[in-house]
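Values quoted throughout were computed directly from the atomic coordinates according to the rules given, and no laboratory measurement underlies them. The structure presented is a predicted model; accordingly, all values stated were derived computationally and were not measured. Cβ: placed from backbone, ideal geometry, glycine included. Neighbour counts: every protein chain shown.
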Amino acid sequence: MTKAVLEFDALTKTYGKVRALEGLTLALEPGPTGLLGPNGAGKTTLLKLCLGLIAPTSGSARIAGHDPATAAGRARLRRAIGYMPEGDCLVPGLTGVETVGMLGRLSGLEPRDAMTRAHEVLDYVGIDEARYREVVGWSTGMKQRLKLAQALVHDPPLLLLDEPTDGLDPTGRRHMLELVHDLGHAQKKSLLLCSHLLPDVEATCDAVVVLSRGRVAASGQIVDLVGGSRPRVRFEAIGDAARLETEFAASGIVHERLENGSWSLTLGASESGAEIDADAALAAASRAGARVVAIEPERATLQQAFLRALDEAEAVG
Amino acid sequence: MKAEAHLEVYRPFQGQLRQHPRAPIALWRAGLRTAFRRRLALMILLAPPVIGTVIFSFVVYTGYALQEGTTPEALGGSSLLGQMAGSMMRDHAAKALDVKNQIALFHLSMSAFSLLLVAWYGAGLIADDKREGAHLLLFARPLSRTGYLMGRFLTVATFGAFGAIVPTLVVCTIATFASPEWSFIRLEGMVIVKAVLYGLAWVVAMSSLVLAISSLATRKAFALAGTIGLVFGLAATGGVLTGLLKVRAWNALGPHMAWAQIANNVFEVEEPSRRSWDMSWNYISVASLFVASWIVLVWSVRRMEAVK
């Protein structure tokens, strides 16, 4: 089994009477992981706990093998983490290359290495001559890329990215997602991507953690979460809808009428144990005298899985 | 031509990260780099200390020149008026010769400019970090609160040194070379040590005060106004209390007055009794402000690292 890069054990963080995180127990394996959740779910609190910027009320955490509760542990884990915060976080008065170079030095790079690395990572994120200008006045896209560059300057194995595509235009967003995907897959970085944009997470991450009210609502590989339920097909037929519904019910096919008049059918093993496949649906349509127009696999999106996880968490909590 | 979806190659870092990065030095260099980029402001703010240094150096040089036997005629010319002027200069020479006097006078006349220099460059250091969110980037690094404070403190103290230590060292250097047979070094060498120590104390105290106010403010302009307002407000309060309570020691409440008295005491300048009070009040005033500044600083920076 791969060693977890982020481990939380009964982690709780409260702000007065508000519980931002409640008994969070989780182990994340290396690789790109998305961190999802509605506003106030505890995502940003979790990121700051990872960095040791705030202390948990109770419970413990191990980040890249280090304990953020101790000063020595914090220093070590911050060398192992690259953090890209949300919003305009810039060091006033410095140019792009000076900003990245200085932050590299603070991470433990020698002055010469810091400057070399600053140029390398700025090349990587696609900031050209603008790096010699003061950061004030840069576009949002360039600032986002600069924040990614500073997170990479000391080449950390773990990246914490908080809303990296926030405020970007479509081109900038695509570029940023390409960079994040490259880092998570080609460069084999472990990354925790916190985003409200589910397609961004789907495009760049292999695994996902869904937080709701400070608890884990769902976690696992995106493939499993999205396709975890039985396969569904969209079934479109012309004919008597009532008869068709009766035939579906008689065949034990779980069905749902969609707004556009087509059906969503659930295949696989039914509750009675019988195997339901597309042929069974076609036979039911034939018995109902309906003419089948289309039958195609219905792929669940991460958004559906996300909403389902939130609904289940809501029902439990 | 660059492709639209161009991706540069990511190059992994092959070297080693230093276990104990010299964070204060990195922050200090970054602070200086930022400050020196604003050349006009720097020239304007450094002009008064530079002019003061030239004037006081000239006075000290003239004093030693007179001591070396330059006649009033040589100084003022052969005319009656010139001889009178030369005579007056020689009469005044005894005082002008006293480098201690000059240094104390320098601090007295230049402290407002030096404070402005420190405040201008220090006011934004922490306030802007908070406003721009730079503290999130900084504290995500292996940077301790002490390292952060030291880095910012070194930056502001450097400008304080330009205003309060370097000029007095220049004056002392002129005195050293102008004095006959190195008499300044031989007889009054301690003045250099005192000048450095006094300047250091002033820089440390004022830099701490400016940084503390910066850590409470949300932007540089507020911190700048807060610093000037506090210094003059305390002086005004001290003056009012002195008037109301008829106790001169209340004047020590104003940092400017307290430091002036301390300078006179350190450089052994005689002060008319009506303008002086128990020295201990000056030290208490300065020390209280210093301690309060660091309490505020530590508290504020602790809150900066423990991001809400």
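When all C-alpha to C-alpha distances in region B:7-51 are sorted into bins of 5 Å, what percent of pairs does each bin hold, rounded to whole numbers?
Spelled out bin by bin, region B:7-51 gives 5, 15, 12, 13, 12, 13, 11, 6, 7, 4, 2 percent.
Name the residue farthest towards the positive end of the dipole of region A:16-132 from the options A:Leu35, A:Leu94, A:Gly59, assuming +1 on Cβ of Lys and Arg, -1 on Cβ of Asp and Glu, about the Cα centre.
Projecting each Cα onto the dipole axis, the largest value belongs to A:Gly59.
Report, in degrees rounded to the nearest 10, the 0 to 90 angle that the Cα long axis of helix A:278-287 makes with the longest principal axis of chain A.
30 degrees
Among B:Phe184, B:Leu149, B:Gly163, which residue has its Cα furthest toward the positive end of the charge dipole of region B:95-196, with +1 on Lys/Arg Cβ and -1 on Asp/Glu Cβ?
B:Leu149
Show that you can apply the helix-only estimate: for chain A, add -39,500 (n - 2.57) for every DSSP H stretch of four or more residues, divide by all residues, and state [θ] at 222 nm to the nearest 500. Could the numbers behind the result be given before it?
Values: 11 runs with 119 residues, N = 317.
Result for chain A: -11500 deg cm²/dmol, rounded to the nearest 500.
Which net charge results when you count Lys and Arg as +1 and Asp and Glu as -1 among the other residues whose beta-carbon is under 10 Å from that of A:Pro85?
Details: positive: A:Lys48, A:Lys147; negative: A:Glu86, A:Asp88, A:Asp162, A:Glu163.
Taking every Cβ under 10 Å from that of A:Pro85, the sum is -2.
Grab every C-alpha pair in region A:24-143, bin the distances at 5 angstrom width from 0 up to the longest one, and report whole percents.
Once binned at 5 Å, the Cα pair distances of region A:24-143 give 2, 10, 16, 18, 17, 16, 13, 7, 2, 0.
How high is the relative contact order of chain B, given as a whole-number percent (alpha carbon pairs under 8 Å, six or more residues apart)? Numbers along the way, then the final one.
Numbers: 358 pairs, mean separation 66.0, N = 308.
Contact order relative to length: 21 percent.
In degrees from 0 to 90, rounded to the nearest 10, what is the angle of the helix B:220-245 Cα long axis to the longest principal axis of chain B?
Between the helix axis and the principal axis of chain B, the angle is about 40 degrees.
Using only alpha carbons, build the gyration tensor for region A:31-80 and give me the equivalent ellipsoid semi-axes, biggest first, whole Å.
20, 14, 8
How big is Rg to Rh over region B:187-248, alpha-carbon atoms, Rh as the Kirkwood inverse-mean-distance radius?
On the way: Rg = 16.4 Å, Rh = 14.0 Å.
Result for region B:187-248 is an Rg/Rh of 1.17.
Give the distance, in whole Å, between the Cα centre of region A:134-191 and the Cα centre of region B:206-258.
46 Å
Over region B:194-308, with a single point scatterer placed on each C-alpha, what log10 of the ratio I(q)/I(0) does the Debye formula yield at q = 0.10 1/Å?
-0.34
With only alpha-carbon pairs counted, each pair once and no self-pairs, how large is the Kirkwood hydrodynamic radius of the protein assembly as shown in angstroms?
On the way: mean 1/r = 0.0339 Å⁻¹.
Its Kirkwood hydrodynamic radius stands at 29.5 Å.
How many Å³ per residue does the convex hull of the Cα positions in chain B occupy?
Given the Cα convex hull of chain B, per-residue volume reads 225 Å³.
Nearest 10 degrees is fine. How inclined is helix A:302-316 to the longest principal axis of chain A, computing both from alpha carbons?
Helix A:302-316 and the main axis of chain A meet at about 80 degrees.
Based on a Kirkwood Rh over C-alpha pairs, give the Stokes-Einstein translational diffusion coefficient of region A:164-262 at 10 °C and viscosity 1.306 mPa s in µm²/s.
Numbers: Rh = 17.1 Å.
The diffusion coefficient I find is 93 µm²/s.
Hey, what's the Cα Rg ratio for chain A versus the globular rule of thumb, 2.2 N^0.38 Å? Can you show the working numbers first?
Numbers: Rg = 24.3 Å, N = 317, 2.2 N^0.38 = 19.6 Å.
Relative to the rule-of-thumb radius for its length, chain A sits at 1.24.
Just for the Cα atoms in region A:104-251, what are the lengths along the principal axes, largest first, rounded to whole Å?
Each principal axis gives a Cα extent; for region A:104-251 these are 76, 31, 29 Å.
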